[in-house]
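These notes are about the structure you will find just below.
The values are calculated or read from the model by the stated rules, or taken from the named source; none is laboratory data. Just so it is clear, the structure is predicted and the values come from calculations on it, not from any experiment. Counting neighbours? That spans all protein chains shown, and the Cβs are built from the backbone with ideal geometry, glycine included.
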Amino acid sequence: MADSTPTNPFITRGGAPGRFTAIGECMVEMAPAGSSGQFQMGFAGDTYNTAWYLKQIRPEWALRYVTRVGTDAASGAMLAQMSEAKIETHHIGQSAERSVGLYLISLNDGERSFSYWRDQSAARQLADDPAALAASVADSDVIYFSGITLGILTPKARETLLETLAAARAAGKTTAFDSNLRPRLWGSETEMCDAVMHAAAVSDIVLPSYDDEASYFGDESIDATRDRYLKVGATTVVVKNGPGTVHYAHNGKLGEVSPPPVGEVVDTTAAGDSFNAGFFAGIAGAAPIEAAITLGCQVSGQVIGQRGALVPLDHDKLAKKP
Ligand code: ADP
């Protein structure tokens with residue numbers, strides 16, 4: 001098949017505003033600020049970061065976030081930040097007895113480490129109501145989720161989510177998945193790897209990162225990662241590799257793209273999440289996949305040059321969107 005062969009409504013919209021729904025967990029972020037013991041509160045989380053960056057790059061698109069929060073002040077502040085970023089929140093459920101998860105960043109000699117409080121977060125209930133979940137994706141062109149989205153759910157809720165995505169895909173929507181392997185969220189590595197492959201089997205687009213895939217799946221090469229996901233039915237697989245060459249498969253075509261040079265690497269938080277946003281922004285309109293990958297690299301290249309998960313982008317330095 002030719003590179004530009006349309007496979008789904010997302011790619012065939014020809015640049016028309018898309019409707020993109022991301023599903024997952026956004027958390028309170030406490031980042032060291034000023035003198036010792038002081039922290040700045042923010043909000044971040046892998047799929048949310050991608051939605052946030054995509055809205056910056058494609059402001060004309062309708063961006064929706066699907067999760068669950070509490071009814072407390074911190075949850076309200078999170079919803080307010082999402083609304084301020086022009087991300088739709090009306091499919092976000094609320095649980096009176098729970099709140100949002102939280103992570104705290106510690107700095108030791110310049111090295112960042114993370115502590116999490118998310119075991120009881122409301123987001124863990126995001127797929128407990130199958131009808132509400134189906135309604136939240138019903139009018140979407142693209143539905144995006146990750147290995148972290150899966151990892152916070154009970155096995156039953158995970159099944160509900162994957163069934164919902166399979167039905168959406170069968171109805172012609174594009175499903176997109178970043179495997180984002182986080183063994184800490186799972187009972188065992190085997191459980192994580194099994195669930196990730198099930199998720200990939202209901203996904204059109206899979207966006208893994210090679211170093212983690214090699215660690216947990218034992219892939220001996222970046223192409224082994226790509227081929228493993230192709231085998232279960234994805235039409236597009238883009239394997240990120242830190243500063244290394246990105247390898248892709250897209251509608252039967254295989255290729256590689258070298259990330260353009262970046263300046264000083266300050267903080268790699270959200271590198272993959274922001275890459276995905278640039279990639280989604282670029283792939284719409286049947287643009288060559290190489291251009292979409294380059295846009296992903298340019299966005300992540302800017303993000304890793306600044307401290308924090310959500311940072312402002314210099315739009316003049318991004319390639320013109322197709
Ligand atoms: P993840 O954050 O999911 O582990 P990667 O580390 O593979 O993702 O990075 C995603 C993208 O971010 C890469 O494809 C590349 O464009 C950019 N990137 C990440 N780390 C670096 C780096 N050290 N130098 C240059 N680019 C990088």
From 270, 309, 292, 281, residue being crowded, with 21+ Cβ neighbours inside 10 Å, of a type in the set (A, V, I, L, M, F, W, C) and near the ligand (Cβ under 9 Å from one of its atoms): 270
Residue list for segment 251-265, restricted to those being within 18 Å of residue 317 (Cα to Cα) and more than 7 Å from the ligand (Cβ to nearest atom): 258, 260, 261, 263, 264
Segment 242-296, residues that are assigned to a strand (DSSP E or B) and under 30 Å from residue 110 (Cα atoms): 243, 246
Residue in segment 219-231 that is free of Cβ contacts under 8 Å to residues at least 24 places away in the same chain, away from the ligand (no atom under 16 Å from the Cβ) and touching a strand residue (DSSP E or B) at 6+ places or on another chain (Cβ under 6 Å) present: yes
Qualifying positions in segment 95-148 - over 19 Å from residue 192 (Cβ atoms), touching a residue at least 60 places away in the same chain (Cβ under 8 Å), of a type in the set (A, V, I, L, M) and not in a strand (DSSP E or B): 100, 133, 137
From 59, 17, 6, 32, residue being at pLDDT below 95 and in contact with a helix residue (DSSP H, G or I) (Cβ under 6 Å, 6 or more places away or on another chain): 6
From 238, 202, residue being under 16 Å from residue 279 (Cα atoms) and either surrounded by 15 or more Cβ atoms within 10 Å (Cβ to Cβ) or in contact with a strand residue (DSSP E or B) (Cβ under 7 Å, 6 or more places away or on another chain) (or both): 238
Yes/no for residue 227 being under 30 Å from residue 121 (Cβ atoms) and either modelled with pLDDT of 95 or more or buried (at least 16 other Cβ atoms within 10 Å of the Cβ) (or both): no
Segment 149-175: number of residues that are part of a helix (DSSP H, G or I) and surrounded by fewer than 15 Cβ atoms within 10 Å (Cβ to Cβ): 4
Some residue of segment 40-55 being among the basic types (Lys, Arg) and touching a Ser or Thr at 6+ places or on another chain (Cβ under 8 Å): no
Scope segment 277-322; condition within 20 Å of residue 44 (Cβ to Cβ), modelled with pLDDT under 90 and not basic (Lys, Arg); matching residues: 308
